[in-house]
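What follows is a short report on a single structure.
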Amino acid sequence: MSDERERSIDQATVELLEKARKEEISTVFSRADRIKPCPIGVEDSCCKVCAMGPCRLPRSKKGEQQERTGVCGATIDTIVARNFARKVAAGTASHSDHAREVVETFLKTARGEAQGFAIKDEVKLLEVALDFGIDIEGKDTTAIAIELGEKALNEFGKQHGELVYTKKAPLKRQEIWRKFGVMPRGIDREVVEIMHRTHMGVDQDYRHILLQTTRCALADGWGGSMISTDLQDIMFGTPVPVLGSINLGVLKEDQVNVIVHGHEPLLPELLVVASRDPEIKKLTEEVGAKGVNLAGMCCSANEVLMRHGIPCAGNFLQQELALVTGAVELMTVDVQCQMQGLQGVAECFHTKLITTSDRAMIEGAVHIEFHPENGLDTAKKILKMAIENYPKRRHAVYIPDHSRDIVAGFSHETINYLLGGLFRASYRPLNDNIINGRIRGVAGVVGCNNVRTIHDFAHIAMIKELIRNDVLVLTTGCAAMACGKAGLLTPEAAREYAGSGLAEVCEAVGIPPVLHMGACVDNSRILVAATAMVKEGGLGDDISDLPAAGAAPEWMSEKALAIGQYFVASGVFTVFGTTTWPTVGSENVTRHLFEDFEGMFKGTWAYEQDPVKGAQLMIRHIDKKRKALGIDKARERVLFDMAMRRAIE
Ligand code: SF4
Ligand code: MSK
């Protein structure tokens with residue numbers, strides 16, 4: 001493997017990569033050295049949808065004209081658009097199937113059939129019930145929750161009409177969606193329709209395919225993801241800022257280490273409860289451990305971090321390395337972003353890998369299925385297994401001494417409250433600070449890690465450039481964790497890294513310049529926050545008018561493409577990074593997404609490998625929007641005298 005220090009900017013990762021190399025343990029990093037990306041696949045110029053192919057249609061290296069059609073006559077534009085559409089469908093399906101599981105558990109909770117779950121946030125229950133048009137007058141919590149659960153479940157199989165949550169978007173945005181025929185009808189229907197349209201010999205006009213791709217992505221952002229976030233908040237509590245810690249140094253040599261990995265916070269919530277059970281504590285003492293140390297990985301980590309302050313062991317590229325410490329007794333995985341390579345690493349140690357979803361098994365792993373009806377019993381069973389495994393550690397443990405304190409859990413509701421105060425919760429102060437220029441704009445920087453680039457580097461380089469230029473950053477997923485490890489998720493980071501205007505506001509309110517808003521499905525919180533800014537007034541009448549931009553500089557998953565597509569369709573300028581953009585095989589498709597979409601949806605894609613240049617593209621876009629709003633002059637006048645400082649305090 002190439003020098004470990006070139007693979008990550010995170011020292012804990014580098015140290016464990018060195019350990020893995022010395023002990024000849026296969027990881028995603030070593031496998032990436034062995035397997036080079038396919039040059040045709042990388043530009044998606046390959047069609048495999050029928051058995052007359054696969055048809056490979058790479059771009060000519062010398063640029064000469066050549067016929068680029070498959071055996072059936074499908075053009076390269078159709079092929080590339082079909083491939084892109086299928087990726088967005090897979091991403092939408094993933095977020096939305098997660099949401100379905102949440103809704104079904106929510107319904108069981110409301111009916112008293114789920115063990116260990118409860119309706120924790122009744123205020124949010126009422127708010128969401130009203131969004132769904134439920135008459136709450138004279139009904140108790142149980143009745144409202146059951147009705148809400150049934151209506152939410154209906155969103156998946158609905159065949160006609162419009163998804164309920166699309167009504168939350170600014171009116172102008174809804175009109176745009178209707179005008180282009182991309183208003184999502186039902187979540188499952190939009191995914192199924194992509195699979196049909198991209199079957200051999202169906203939809204063969206790339207513009208038409210990309211419209212359905214957009215409708216499907218909107219069913220994710222304003223459907224599956226938003227439902228998931230809201231019902232999780234009602235069941236587990238709407239996040240408020242909590243103190244936590246992050247990085248592999250959160251593992252404890254003298255404790256039973258259990259890592260929750262994946263995306264659905266259902267079992268992880270119960271593991272938190274079970275870990276505090278006296279019986280579990282007693283068993284832990286009996287094996288000579290000082291306690292059960294629950295830690296999170298990937299988006300499950302974000303979920304339990306922001307609701308319980310459970311430490312976060314790391315992000316996507318650190319999942320195998322957590323096991324390389326030799327300190328992990330047990331790791332649970334449910335769905336999404338869990339590498340099959342985990343089992344190979346687990347077998348090098350005493351670690352037990354437990355698959356818990358009926359939709360996902362890994363060969364060699366132990367399967368203990370989670371069902372809400374006996375969820376707490378399952379959680380205890382899993383913890384007991386971990387405790388029994390503690391005395392079986394057979395290697396010297398090496399836990400890198402790297403972890404950081406962070407503040408996480410900024411929901412839309414919290415931002416509203418923190419900036420506006422308990423009795424006048426509103427986005428007014430945020431909008432005012434954007435209008436007066438202290439805050440230049442807002443950026444959502446989200447998404448994964450990708451082993452084809454330096455771990456965490458692009459996230460941090462981009463975000464530092466943004467906050468240095470007074471752009472407030474909202475972050476989720478693995479990007480949020482990268483920020484935590486780099487020390488950007490503390491209020492003190494404002495003074496150290498932010499421009500003077502942003503730092504003034506952050507210090508006055510006591511918030512970090514980068515706000516951790518949760519897991520991948522919680523990108524819906526960013527949509528809600530953007531809509532709240534529009535509704536507050538003074539920054540235009542659509543999301544596309546806001547001085548705002550989005551980015552996923554280290555994306556890797558199909559879910560990231562679905563997220564990007566719904567951000568673009570919601571009017572956001574969205575920059576993706578890493579080594580390539582998946583539609584480069586077709587100039588027409590790429591031009592349509594990168595240029596034509598701006599005219600249609602007032603939001604567009606951009607691709608930039610260099611994260612600092614990517615940040616500068618976002619800042620240019622933000623400045624363009626400030627100019628259009630007529631607030632560009634404000635920034636020039638901002639000089640932070642004492643009177644202004646007092647005014648924001
Ligand atoms: Fe080739 Fe057409 Fe079949 Fe695709 S659908 S594999 S382009 S023949
Ligand atoms: S976990 S989708 S690697 S953000 Fe949501 Fe991280 Fe990307 Fe998975």
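The values are calculated or read from the model by the stated rules, or taken from the named source; none is laboratory data. If you're wondering where the values come from, they're calculated on a predicted model, not measured in any experiment. Heads up, the Cβs are rebuilt from the backbone with ideal geometry, glycines too, and the neighbour counts pull from every protein chain shown.
The set of residues in the stretch 545-571 being surrounded by 24 or more Cβ atoms within 10 Å (Cβ to Cβ) and either at pLDDT below 95 or of a type outside the set (A, V, I, L, M, F, W, C) (or both) consists of 547, 550, 553, 554, 559, 564, 565, 566, 570, 571.
Give the number of residues within the stretch 531-556 that are assigned to a loop (DSSP other than H, G, I, E, B) and either within 21 Å of the chain's Cα centre (by Cα) or of a type in the set (S, T, N, Q) (or both). Show your work before the answer.
Within the stretch 531-556, the first condition is being assigned to a loop (DSSP other than H, G, I, E, B), and the residues that meet it are 537-542, 546-547, 553-556.
Now restrict to residues that are either within 21 Å of the chain's Cα centre (by Cα) or of a type in the set (S, T, N, Q) (or both): 553-556.
Within the stretch 531-556, residues that are assigned to a loop (DSSP other than H, G, I, E, B) and either within 21 Å of the chain's Cα centre (by Cα) or of a type in the set (S, T, N, Q) (or both) number 4.
Being part of a loop (DSSP other than H, G, I, E, B) and surrounded by 24 or more Cβ atoms within 10 Å (Cβ to Cβ) is the filter; apply it to the stretch 482-530 and report the residue that is farthest from the chain's Cα centre (by Cα). Of everything passing the filter in the stretch 482-530, 498 is farthest from the chain's Cα centre (by Cα). Entry remark, the stretch 188-223: residues being in a helix (DSSP H, G or I) and either more than 16 Å from residue 562 (Cβ to Cβ) or among the charged types (D, E, K, R) (or both) number 11 in total.
Is it the case that some residue within the stretch 173-182 is over 24 Å from residue 520 (Cβ atoms) and either assigned by TED's automatic domain parsing to the domain that holds residue 586 or within 25 Å of the chain's Cα centre (by Cα) (or both)? For the stretch 173-182, residues over 24 Å from residue 520 (Cβ atoms) and either assigned by TED's automatic domain parsing to the domain that holds residue 586 or within 25 Å of the chain's Cα centre (by Cα) (or both): present. Of the residues screened, residue 352 is not one that is away from ligand 1 (no atom under 16 Å from the Cβ) and surrounded by fewer than 17 Cβ atoms within 10 Å (Cβ to Cβ).
Quick check: anything in the stretch 395-412 acidic (Asp, Glu) and in the same structural domain as residue 311 (by TED's automatic domain parsing)?
Applying the first criterion (acidic (Asp, Glu)) to the stretch 395-412 yields 401, 405.
With the extra rule that they be in the same structural domain as residue 311 (by TED's automatic domain parsing), the set shrinks to none.
Within the stretch 395-412 (the criterion being acidic (Asp, Glu) and in the same structural domain as residue 311 (by TED's automatic domain parsing)), the answer is no, since none of the residues qualifies.
Sort through 32, 20, 81 and tell me the only one that's aliphatic (A, V, I, L, M), crowded, with 24+ Cβ neighbours inside 10 Å and not assigned by TED's automatic domain parsing to the domain that holds residue 375. Steps first, please.
Values: 32 fails: crowded, with 24+ Cβ neighbours inside 10 Å; 20 fails: crowded, with 24+ Cβ neighbours inside 10 Å.
Result: 81 is the single residue among 32, 20, 81 that is aliphatic (A, V, I, L, M), crowded, with 24+ Cβ neighbours inside 10 Å and not assigned by TED's automatic domain parsing to the domain that holds residue 375.
For residue 403, the conditions (1) out of contact with any Pro (no Cβ under 8 Å at 6 or more places or on another chain); (2) touching a residue at least 24 places away in the same chain (Cβ under 8 Å) all hold with the exception of (1).
Of all residues in the stretch 94-103, at least one satisfies being at pLDDT 95 or above, hydrophobic (A, V, I, L, M, F, W, C), more than 16 Å from ligand 2 (Cβ to nearest atom) and in contact with a Leu (Cβ under 9 Å, 6 or more places away or on another chain).
Whether any residue in the stretch 400-410 is closer than 20 Å to residue 229 by Cβ, more than 16 Å from ligand 1 (Cβ to nearest atom) and surrounded by fewer than 24 Cβ atoms within 10 Å (Cβ to Cβ) is what I want to check. Give the steps one after another, and end with the answer.
Going through the stretch 400-410, the residues closer than 20 Å to residue 229 by Cβ turn out to be 407-410.
Among the residues that remain, those that are also more than 16 Å from ligand 1 (Cβ to nearest atom) are: 407-410.
Filter once more, keeping what is surrounded by fewer than 24 Cβ atoms within 10 Å (Cβ to Cβ): 407.
Checked the stretch 400-410: at least one residue is closer than 20 Å to residue 229 by Cβ, more than 16 Å from ligand 1 (Cβ to nearest atom) and surrounded by fewer than 24 Cβ atoms within 10 Å (Cβ to Cβ).
Any idea which residue in the stretch 224-250 is modelled with the lowest pLDDT, counting only those that are buried (at least 24 other Cβ atoms within 10 Å of the Cβ) and assigned to a loop (DSSP other than H, G, I, E, B)? That would be 239. I need the full set of residues from the stretch 33-54 which are free of Cβ contacts under 8 Å to residues at least 12 places away in the same chain and within 15 Å of ligand 1 (Cβ to nearest atom), in order please. Hits for the stretch 33-54 are 41, 48, 51, 54.
Considering the stretch 447-471, and only residues there that are among the aliphatic types (A, V, I, L, M) and touching a Pro at 6+ places or on another chain (Cβ under 7 Å), the residue that is nearest to ligand 2 (Cβ to nearest atom) turns out to be 458.
Evaluate the following for residue 376: is it buried (at least 21 other Cβ atoms within 10 Å of the Cβ) and either within 21 Å of residue 270 (Cα to Cα) or in contact with a strand residue (DSSP E or B) (Cβ under 9 Å, 6 or more places away or on another chain) (or both)? Even if it seems obvious, please write down each step before you answer.
On the way: buried (at least 21 other Cβ atoms within 10 Å of the Cβ): no; either within 21 Å of residue 270 (Cα to Cα) or in contact with a strand residue (DSSP E or B) (Cβ under 9 Å, 6 or more places away or on another chain) (or both): yes.
Considered against the rule, which asks whether it is buried (at least 21 other Cβ atoms within 10 Å of the Cβ) and either within 21 Å of residue 270 (Cα to Cα) or in contact with a strand residue (DSSP E or B) (Cβ under 9 Å, 6 or more places away or on another chain) (or both), residue 376 comes out as no.
Inclusion of residue 284 among residues that are of a type in the set (S, T, N, Q), in contact with an Asp or Glu (Cβ under 7 Å, 6 or more places away or on another chain), farther than 13 Å from residue 89 by Cα and not in a loop (DSSP other than H, G, I, E, B) is not warranted.
In the stretch 325-334, what count of residues is obtained for those that are in a loop (DSSP other than H, G, I, E, B) and either more than 12 Å from ligand 2 (Cβ to nearest atom) or surrounded by fewer than 20 Cβ atoms within 10 Å (Cβ to Cβ) (or both)?
Just the residues of the stretch 325-334 that are in a loop (DSSP other than H, G, I, E, B), to begin with: 325-327, 334.
Right, trim to either more than 12 Å from ligand 2 (Cβ to nearest atom) or surrounded by fewer than 20 Cβ atoms within 10 Å (Cβ to Cβ) (or both) and you get 325-327.
Selection size over the stretch 325-334: 3.
Is it the case, given these coordinates, that residue 102 is within 12 Å of ligand 1 (Cβ to nearest atom) and either in contact with a His (Cβ under 9 Å, 6 or more places away or on another chain) or part of a helix (DSSP H, G or I) (or both)?
Working: within 12 Å of ligand 1 (Cβ to nearest atom): no; either in contact with a His (Cβ under 9 Å, 6 or more places away or on another chain) or part of a helix (DSSP H, G or I) (or both): yes.
Judged against the criteria, residue 102 is not a match.
For the stretch 338-347, a tally of residues being in contact with a Gly (Cβ under 9 Å, 6 or more places away or on another chain) and either under 19 Å from residue 385 (Cβ atoms) or crowded, with 24+ Cβ neighbours inside 10 Å (or both) returns 4.
Restricting attention to the stretch 1-10, the residues being among the polar types (S, T, N, Q) and either part of a helix (DSSP H, G or I) or closer than 26 Å to residue 328 by Cα (or both) number 1.
Evaluation of residue 474 against the conditions (1) more than 30 Å from residue 297 (Cα to Cα); (2) within 15 Å of ligand 2 (Cβ to nearest atom) shows that the sole unmet condition is (1).
Would you pick out the residues in the stretch 11-61 that are assigned to a loop (DSSP other than H, G, I, E, B), acidic (Asp, Glu) and over 18 Å from residue 74 (Cα atoms)? First the steps, then the outcome.
Looking only at the stretch 11-61, we keep the residues that are assigned to a loop (DSSP other than H, G, I, E, B), and these are 23-27, 35-40, 44-45, 48-54, 57-61.
Keeping just the survivors that are acidic (Asp, Glu) gives 23-24, 44.
Within the stretch 11-61, 23, 24 qualify.
Among the residues making up the stretch 163-218, those that are of a type in the set (S, T, N, Q) and under 28 Å from residue 76 (Cα atoms) are 198, 204, 212, 213, 214. In the set (1) loosely packed, with under 14 Cβ neighbours inside 10 Å; (2) in contact (Cβ under 8 Å) with a residue 12 or more places away in the chain, residue 140 fails one condition alone, (2).
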